[in-house]
Amino acid sequence: MKCEECLELLSLYLDKELDQKSLNALKEHLALCKNCMAVFHTLEKTISLSFNYYKKNYHKVPRKVSSQVFYELRIRYKKSRF
Ligand SMILES: [Zn+2]
């Protein structure tokens, strides 16, 4: 799996929309790839922070916070790689 594919799957995983087969592939890649593992941890942390923020400020958690976070993260990821 390419790192880019892994990041796509991460987004689905965090939205709880990942099927078991893809989840296994994702876990396999994370076990081998330190970069994506780091992204995964950052993403989880960022999302929990976002949820806290939305809870405090809007009393409403948006359905697709992780998609938004992932989108921003992917831009950063690309910038740092290329
Ligand atoms: Zn990777």
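Read-outs: derived from the displayed coordinates by stated rules, not from any lab. If you're wondering where the values come from, they're calculated on a predicted model, not measured in any experiment.
Please compute the length gained on full extension between GLN68 and CYS33, using 0.36 nm multiplied by the number of residues separating them and subtracting their Cα-Cα distance.
On the way: separation 35, 0.36 × 35 = 12.60 nm, distance 2.33 nm.
Roughly 10.3 nm would be gained on extension.
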Review point. Once the piece of chain linking LYS2 and ARG76 is laid out straight, how much longer is it, given 0.36 nm per residue of separation minus the C-alpha distance between them?
Key: 24.9 nm
